[in-house]
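Worksheet: one structure, shown below.
The values are calculated or read from the model by the stated rules, or taken from the named source; none is laboratory data. All figures in this text were calculated on a predicted structure; none of them were measured in a lab. Here the Cβ positions follow ideal geometry from the backbone for every residue, glycine too, while neighbour counts run over all protein chains shown. Surface accessibility is based on the protein's heavy atoms, side chains included, excluding ligands, DNA and RNA. Shrake-Rupley method; radii C 1.70, N 1.55, O 1.52, S 1.80 Å.
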Amino acid sequence: MEPRVRVEGWKVPASRWYRFLPALVLGYLVLMEAVLTEELDEEEQLVRRHRKEKKELQAKIQGMKNAVPKNDKKRRKQLTEDVAKLEKEMEQKHREELEQLKLTTKENKIDSVAVNISNLVLENQPPRISKAQKRREKKAALEKEREERIAEAEIENLSGARHMESEKLAQILAARQLEMKQIPSDGHCMYRAIEDQLKEKDCALTVVALRSQTAEYMQSHVEDFLPFLTNPNTGDMCTPEEFQKYCDDIVNTAAWGGQLEIMTERLLIKALSGGKNTKIITLNGKKMTKMPSALGKLPGLKTLVLQNNLIPKVCPELRTLTQLTTLNLGNNLLEEVPEEMKYLTSLKTLHLSGNRICRFAPGACDGLQNLILLNLNNNHLIQLPQEVSR
């Protein structure tokens, strides 16, 4: 038997399939129509389905009529009632489906509009900024505003009395081989100016060290400073707690230095620059990298505390402190007990713990006849020299 090919409901002999090429094309078009039908809107599809269901119902009714003899009036009457009932039920069903479709379509349109509006709002809304970013932007804005004010002020001063005064002062300084140094007005300006002057005196104190020692001095002389500090809101004298916060701000913030801080620095610099009555100096934890050479101007010094710094060696001026009784150089970077120690003939207590000491300089202990306590804990020494035991 000759094989046959089925094309959209047609049986075609395999040997003559090419004659039915139009049928293949027609089948392709039928398939395309089915695809397009799926893409029609829901209402059109529903109407088509209703039309199809009505045709099927008419065929069913016709079958029912054919099954009932024409002379059977009773069954004919019942048939008429059943047909009317079926038609009514189908009509009711189609009407409800149409109403439901219209209601669903309306809700979908409302939801679609709401979603579109929501998307529009979200697209136009700027990205959320974190609190940290807001703080950074605010700080940057304030800094920019400050720089703009400074620039405007400088432009105004070009023709003002201040500019003329600066020019005359520069001429006077130039005649004396001096000059003005610009210090940035960042809150540390007073301390930076003092730091710069101390460098010329071979007294290397950083801004951090100056702030720290200023606060320490004020805290150790509360009665001298507290009466001059008032609460900016009430005008009353600061409480001890407010005074403590004031000192903490000196150390931990870029608070501007005022008259009290200037007086404190003046007293400290005086002590380092030749105050003959100075007996005790404490510069603990100031991150100092060398001892101040101004110590040579303090012949009456009794106690010198320079522990917790970064000092690798002592200064030559140390040998002038013949009245020194206590010296604390603990927790620094010393690698030897220096020769300058032999000149401290009045020394009774010497703390050198927490360094890197691995040796004694020749004759370092020769003049320490009054030494009572020598602390060498936490160093790199293997043994003590014989002169220490003497």
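Residues in the range 304-324 that are under 18 Å from residue 372 (Cβ atoms) and either hydrophobic (A, V, I, L, M, F, W, C) or buried (at least 19 other Cβ atoms within 10 Å of the Cβ) (or both): 304, 305, 321, 324. Within the range 129-144, the set of residues being over 14 Å from residue 185 (Cβ atoms) and of a type in the set (Asp, Glu) comprises just one member, 137. Show the residue pairs meeting these rules: Cβ distance below 8 Å; 6+ apart or different chains; first residue within the range 161-182 and closer than 19 Å to residue 197 by Cβ and open to solvent by less than 100 Å² (accessible area, probe 1.4 Å); second residue at pLDDT 80 or above and among the small types (Gly, Ala, Ser). Matching pairs, first to second residue: 180/170. Selection of the range 317-348 for residues being within 24 Å of residue 378 (Cα to Cα), charged (D, E, K, R) and in contact with a Gly (Cβ under 8 Å, 6 or more places away or on another chain) yields 339, 342.
Checking residue 234 against (1) in a loop (DSSP other than H, G, I, E, B); (2) of a type outside the set (Asp, Glu); (3) within 22 Å of residue 207 (Cβ to Cβ), which test does it fail? Of everything listed in (1) in a loop (DSSP other than H, G, I, E, B); (2) of a type outside the set (Asp, Glu); (3) within 22 Å of residue 207 (Cβ to Cβ), residue 234 misses just condition (3). In this structure, residue 390 does not satisfy being modelled with pLDDT of 90 or more and out of contact with any strand residue (DSSP E or B) (no Cβ under 8 Å at 6 or more places or on another chain). Restricting the search to the range 221-231, which residues are open to solvent by less than 80 Å² (accessible area, probe 1.4 Å) and either part of a helix (DSSP H, G or I) or touching a residue at least 12 places away in the same chain (Cβ under 8 Å) (or both)? 222, 225, 226, 227, 229, listed by residue number. Only residues that are touching a helix residue (DSSP H, G or I) at 6+ places or on another chain (Cβ under 8 Å) and open to solvent by less than 60 Å² (accessible area, probe 1.4 Å): list them for the range 204-220, please. Scanning the range 204-220 gives 204, 205, 206, 207, 210, 211, 212, 213, 214, 215, 217, 218. Just give me the residues in the range 341-389 being open to solvent by 30 Å² or more (accessible area, probe 1.4 Å) and part of a strand (DSSP E or B), in sequence order. Correct list: 349, 351, 359, 360, 373, 374, 375. Which members of the range 245-263 meet the condition of being open to solvent by less than 80 Å² (accessible area, probe 1.4 Å), without any contact (Cβ under 8 Å) to a residue 40 or more places away in the chain and farther than 20 Å from residue 283 by Cβ? 246, 249, 258 - these are the residues of the range 245-263 that are open to solvent by less than 80 Å² (accessible area, probe 1.4 Å), without any contact (Cβ under 8 Å) to a residue 40 or more places away in the chain and farther than 20 Å from residue 283 by Cβ.
If you check 239, 282, 264 for being under 16 Å from residue 205 (Cβ atoms) and modelled with pLDDT of 70 or more, only one passes: 282.
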